[in-house]
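Remarks on the structure that follows.
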Amino acid sequence: MTQNPVLRKLGFNPGDRVVIVHADDVGMCHATVPAFFELAAGGLVSAGSVMVPCPWFREAAAEARRHPEADLGVHLTLTSEWENYRWGPVANCGRTPGLADADGCFYRAPALMDRPDPHVVFEEMRAQVRRACDAGIDVTHIDCHMFAMLAHGLADAYVALGFEFGLPVLMTRQPAWVDALTAAAIDEWEGRGLPVFDHLREMPLNHPADALLDAAKRIFEELPPGLTYLLMHPALDTPELRAISTDWRQRVADYETFGNPELCDHVRRAGIHVIGWRPINRLMRGN
């Protein structure tokens, strides 16, 4: 396997295992905000991303201003999956054709989106990034909730947004992504300066909560050489979270697992390098 050019430029060796440990869904509800900032201060969780359309975005932005060292990006949000807790577009796009349902909220899953106009989607994504920047967040990167940009031909708009703002977007050669986007497109974006991850891993939200420490250890043990993106969904145990999320136990377990010194020691002994998005951001910006 050819070494990832990002790792070569950052000074890593071809056999090194390098990972960003990423907290998704920051600001989705209140429980996600202190969970992320506590874990980010603890060392193993190296980055996170905020959901701008969600009710607790402003609290996340306020915490980001209080902790400017936190590595925080924008979790572009084009879907709203919960039964009775929902959100919608932030851009002034009229009826947001294809993006919003009859309630004015995003559709519950990418597959349900109604042939969205890529130009309308681009304006919504741009509005979310601008709102995060205007709120005082030092945005380090862009990724996407539920990987919605893999559907409906939205990947070009997603990548274009990254180049417009000079921010890396999550892009990986994971087989499902290659199937959806094609290897040629990913290679072309990389050739234009977009950093690309070799692998993607995710903490399972459908496993028993008491098994997640062992699951995390196995994920780290089995990481292949190269640059990996490991995503998880930490949250505190609160009545609000329990009312919103059917997988609240797993989200709380993610918070407990990645704050557990036993896992930190396990990662250190395995010789795995944990980095954040900032060095990759600096590479893309050429500084």
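The values are calculated or read from the model by the stated rules, or taken from the named source; none is laboratory data. Model, not experiment: these values are computed from the prediction. Positions of Cβ are backbone-derived with ideal geometry, glycine not excepted, and every protein chain shown enters the neighbour counts.
Annotation note: of Thr246, Thr238, Thr228, the sole residue that is among the polar types (S, T, N, Q) and touching a strand residue (DSSP E or B) at 6+ places or on another chain (Cβ under 7 Å) is Thr228.
In the stretch 201-224, the residues that are over 17 Å from Asp16 (Cβ atoms) form Cβ pairs under 6 Å with partners that are modelled with pLDDT of 95 or more and of a type in the set (S, T, N, Q), at six or more places apart or across chains, as follows: Leu205/Gln250; Ala209/Gln250; Leu212/Thr257; Leu213/Thr257; Ala216/Thr257.
For Ile219, state whether it is β-branched (Val, Ile, Thr), in contact with a Lys or Arg (Cβ under 6 Å, 6 or more places away or on another chain) and surrounded by fewer than 21 Cβ atoms within 10 Å (Cβ to Cβ). Judged against the criteria, Ile219 is a match. Within the stretch 30-86, the set of residues being closer than 19 Å to Ile275 by Cα, among the acidic types (Asp, Glu) and touching a helix residue (DSSP H, G or I) at 6+ places or on another chain (Cβ under 7 Å) comprises just one member, Asp71. Of the helices (runs of 4 or more DSSP H) lying entirely inside the stretch 230-282, those containing at least 1 residues that are under 19 Å from Ser49 (Cα atoms) span 239-244, 248-258. When the residues of the stretch 135-185 are filtered to those that are surrounded by fewer than 17 Cβ atoms within 10 Å (Cβ to Cβ) and touching a residue at least 60 places away in the same chain (Cβ under 8 Å), which remaining residue is nearest to the chain's Cα centre (by Cα)? In this case the residue turns out to be Asp138. Checking every residue in the stretch 38-52 against the condition of being surrounded by 22 or more Cβ atoms within 10 Å (Cβ to Cβ), closer than 30 Å to Phe258 by Cβ and free of Cβ contacts under 8 Å to residues at least 40 places away in the same chain gives at least one match.
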